[in-house]
Amino acid sequence: MKLTRRDPPRRVTPELLAFHVKQAHALRAEAYRDMMRALWARLVRIIHKR
């Protein structure tokens, strides 16, 4: 008796993978930019309080 798959096979194409890698890179770069801006703003605030 041969078992059949219940779910259809997933189609992970190289193009789809490349799209998600590119999107992840963009999101990571944005997160780093936001983090550095927040850090810089915090340092400026600390320095100007004196």
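Limited to the range 1-43, what total is found for residues that are hydrophobic (A, V, I, L, M, F, W, C) and outside any helix (DSSP H, G or I)?
Taking the range 1-43 first, the residues hydrophobic (A, V, I, L, M, F, W, C) are 1, 3, 12, 16-19, 21, 24, 26-27, 29, 31, 35-36, 38-41, 43.
With outside any helix (DSSP H, G or I) added as a condition, the list becomes 1, 3, 12.
Qualifying residue count for the region: 3.
Residues checked against (1) without any contact (Cβ under 8 Å) to a residue 40 or more places away in the chain; (2) exposed (fewer than 10 other Cβ atoms within 10 Å of the Cβ); (3) under 15 Å from the mean Cα position of the chain (by Cα):
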{"residue": "Val12", "(1), (2), (3)": "yes, yes, no"}
{"residue": "Glu15", "(1), (2), (3)": "yes, yes, no"}
{"residue": "Ala18", "(1), (2), (3)": "yes, no, yes"}
{"residue": "Ala24", "(1), (2), (3)": "yes, no, yes"}
{"residue": "Ala29", "(1), (2), (3)": "yes, no, yes"}
{"residue": "Met35", "(1), (2), (3)": "yes, no, yes"}
{"residue": "Trp40", "(1), (2), (3)": "yes, no, no"}
{"residue": "Ile46", "(1), (2), (3)": "yes, yes, no"}
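Laboratory data are not the source of any read-out in this text; all were calculated from the coordinates shown. Being a predicted model, the structure only gives us computed values, none of them experimental. Every residue, glycine as well, gets a Cβ built from its backbone with ideal geometry; the counts of neighbours run over all protein chains shown.
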